[in-house]
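Below is one structure, written out as structure tokens, with a few remarks after it.
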Amino acid sequence: MDAKDILGLPKSAFPGSQEKKSRPPKEPQRKPDGVSREVYALTGGVLPPLMPNLEPAHLKKRPTVGKEKITWQWLPFTSSARTDSLQLYHWVRVVNGVPPTGDYAFAKYNKSVDVLKYTDEEYEKHLTDNAWSKEETDQLFELCEKFDLRFIVIADRFPSDRTVEELKSRYYSVTRKLLIARAASPEDVANHPIVKEQFNAKHETERKRALSVVLSQTKLQERKDSEILAEAKRIMETRTPSKPADEVELQGHSEVGSGEKAAGVGEDVSPVTASIDAPPVIPDTFSIPANLRMQKVYLRSNALDQMLQAVSTASGRTNIHIEQMIQDLSVNLKPKVPTKAVCAEHLELRKEILTLLNLQKQMQKLTEATGSRERPHSEAPATPKRSNRDVDRPFGSDAGGFGGERTGKRDQKRKAPGRFGEPPPSPPQSKRPRKYKASD
């Protein structure tokens, strides 16, 4: 019996396996001429084209030329951007002998500034200034309109000796007053850039002076400045050490004690009132770290990370309770959008939670102290009962006497020292010190 008998299969092979499928005979591929046998064997009979299959007649054909005839001609032109009607020449692409018409292509890039103009009545009513005359103001506005507010050129062309900052200040102040005077209400021009941002000549002068100082520094001066900044940073870090955790936690208790001392010794002030009147003062550990204040540009998220790290090191074990309370309030431990306002509110929340925890700790201690004071004096602690080992044992007349049993007990007591209530054993009679008489 074999596997076929067990499975109930016939012993003869399947009829389909005996019949071999007839395959169509392969047509022999002929090796093309000019190709070696090795190259043909490597490519498998698929040869890439060596050159494009183009008909020779197609190569002899000339490309069809369109009907348009394009030429380049030297023609005159005028520009609407000019007011003097000056005629210039340039090369122009002419199609079929028809020159292009219209304005100059680059005239659209000519942009001019709309300079406000005032009347004599408006000047006398709104624009008078003791440092400027009307003639100087008229010349200033004419040059501003002519040179499109290029104040460097205007200062060079201005007849009197005026600085660039003085020219800017006069122009923007006059324009600002005209806009406000001509508006129906101040709210209509409140969002205008000239009205919203007033020009500050002192700030502009200081900015240029500081910029010139920075640009005129040598490599040696820049190196000295960097060393001074590094030394200042190191001094700031050494002068502002991080306070230990216990000091921050006990800050509120010290404030309560100082409040009680200030109240006076003779006055009867309850501890609850003192704790309410003098809340614990939390140190300002939520400010921007010193190493970030030295930098002029920094990421707000980086500042938040360092401030949170400073808070966690300052609060010690209470930081876990703070994070737990923040999670209970459904607030993220780190703000998703750390803007200045969000960071300030987040740190303020941590500060208030820390104050709450300190107040809860103080209230717990005050409650325990008040409970111990209100306990009646009659409730004295019970006297502990005397144990069996403290009962006086009478000496019996046994055979051992002092020499046998008591010596063994004394040895046991020496092996177990520190028993409470047992007086030290008396030495044996033979070893007691001898009393000397007067005759001796």
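The values are calculated or read from the model by the stated rules, or taken from the named source; none is laboratory data. Please read these numbers as outputs of a predicted model, since none were measured by experiment. Virtual Cβ from ideal backbone geometry, glycine too; neighbours counted across all protein chains shown. Surface accessibility is based on the protein's heavy atoms, side chains included, excluding ligands, DNA and RNA. Shrake-Rupley method; radii C 1.70, N 1.55, O 1.52, S 1.80 Å.
When the residues of region 193-211 are filtered to those that are part of a helix (DSSP H, G or I) and of a type in the set (D, E, K, R), which remaining residue is most open to solvent (accessible area, probe 1.4 Å)? Restricting to residues being part of a helix (DSSP H, G or I) and of a type in the set (D, E, K, R), the top hit is Lys202.
Within region 125-137, the residues that satisfy the criterion of being surrounded by 10 or more Cβ atoms within 10 Å (Cβ to Cβ) and touching a helix residue (DSSP H, G or I) at 6+ places or on another chain (Cβ under 9 Å) are Lys125, His126, Leu127, Thr128, Asp129, Trp132, Lys134, Glu136, Thr137. Inside region 104-163, residues that are under 30 Å from Val92 (Cα atoms) and of a type in the set (D, E, K, R) make up a count of 2. Are any of the residues in region 15-31 touching a Phe, Trp or Tyr at 6+ places or on another chain (Cβ under 6 Å), at pLDDT below 85, surrounded by 10 or more Cβ atoms within 10 Å (Cβ to Cβ) and part of a loop (DSSP other than H, G, I, E, B)? Among the residues of region 15-31, at least one is touching a Phe, Trp or Tyr at 6+ places or on another chain (Cβ under 6 Å), at pLDDT below 85, surrounded by 10 or more Cβ atoms within 10 Å (Cβ to Cβ) and part of a loop (DSSP other than H, G, I, E, B), which makes the answer yes. Check whether at least one residue in region 212-232 is open to solvent by less than 70 Å² (accessible area, probe 1.4 Å), touching a residue at least 12 places away in the same chain (Cβ under 8 Å), farther than 30 Å from Phe141 by Cα and out of contact with any Ser or Thr (no Cβ under 9 Å at 6 or more places or on another chain), and report yes or no. Yes, region 212-232 contains at least one residue that is open to solvent by less than 70 Å² (accessible area, probe 1.4 Å), touching a residue at least 12 places away in the same chain (Cβ under 8 Å), farther than 30 Å from Phe141 by Cα and out of contact with any Ser or Thr (no Cβ under 9 Å at 6 or more places or on another chain). Among the residues of region 145-192, which ones are open to solvent by 50 Å² or more (accessible area, probe 1.4 Å) and among the hydroxyl-bearing types (Ser, Thr, Tyr)? If the condition is that a residue be open to solvent by 50 Å² or more (accessible area, probe 1.4 Å) and among the hydroxyl-bearing types (Ser, Thr, Tyr), then Thr163, Tyr172 are the ones that fit. Of the residues examined, Leu149 is not one that is closer than 21 Å to Ser112 by Cβ and assigned to a helix (DSSP H, G or I).
If you check Arg389 against the conditions, is it in a helix (DSSP H, G or I), at pLDDT below 85 and open to solvent by 60 Å² or more (accessible area, probe 1.4 Å)?
Yes; evaluated as a whole, the condition is true for this residue.
Hey, Val39 hits all of (1) part of a loop (DSSP other than H, G, I, E, B); (2) surrounded by 10 or more Cβ atoms within 10 Å (Cβ to Cβ); (3) modelled with pLDDT of 80 or more but one; which does it fall short on? Result: Val39 fails condition (1) only.
To keep it simple, each residue is scored yes or no on (1) in a helix (DSSP H, G or I); (2) in contact with a Pro (Cβ under 9 Å, 6 or more places away or on another chain).
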| residue | (1), (2) |
| --- | --- |
| Tyr89 | no, yes |
| Asp103 | no, no |
| Tyr123 | yes, no |
| Gln139 | yes, yes |
| Asp156 | yes, no |
| Asp161 | no, no |
| Ser173 | yes, no |
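Within region 78-123, the set of residues being of a type in the set (Phe, Trp, Tyr) and farther than 30 Å from Lys67 by Cβ comprises Phe106, Tyr109, Tyr118, Tyr123. Restricting region 97-124 to residues that are without any contact (Cβ under 8 Å) to a residue 40 or more places away in the chain and over 29 Å from Ala81 (Cα atoms), which is least open to solvent (accessible area, probe 1.4 Å)? For region 97-124, the residue satisfying everything is Tyr123.
Would you mind stating whether Asp129 is within 23 Å of His203 (Cα to Cα) and either out of contact with any Pro (no Cβ under 6 Å at 6 or more places or on another chain) or modelled with pLDDT of 95 or more (or both)? Criteria met by Asp129.
The residue that is nearest to Asn302 (Cα to Cα), counting only those in region 319-347 that are acidic (Asp, Glu) and open to solvent by 80 Å² or more (accessible area, probe 1.4 Å), is Glu345. The single condition among (1) loosely packed, with under 12 Cβ neighbours inside 10 Å; (2) within 30 Å of Lys168 (Cβ to Cβ) that Arg93 does not meet is (2). Considered as a group, the residues in region 66-83 that are assigned to a loop (DSSP other than H, G, I, E, B) and over 59 Å from the mean Cα position of the chain (by Cα) include one that is modelled with the lowest pLDDT, and that residue is Gly66.
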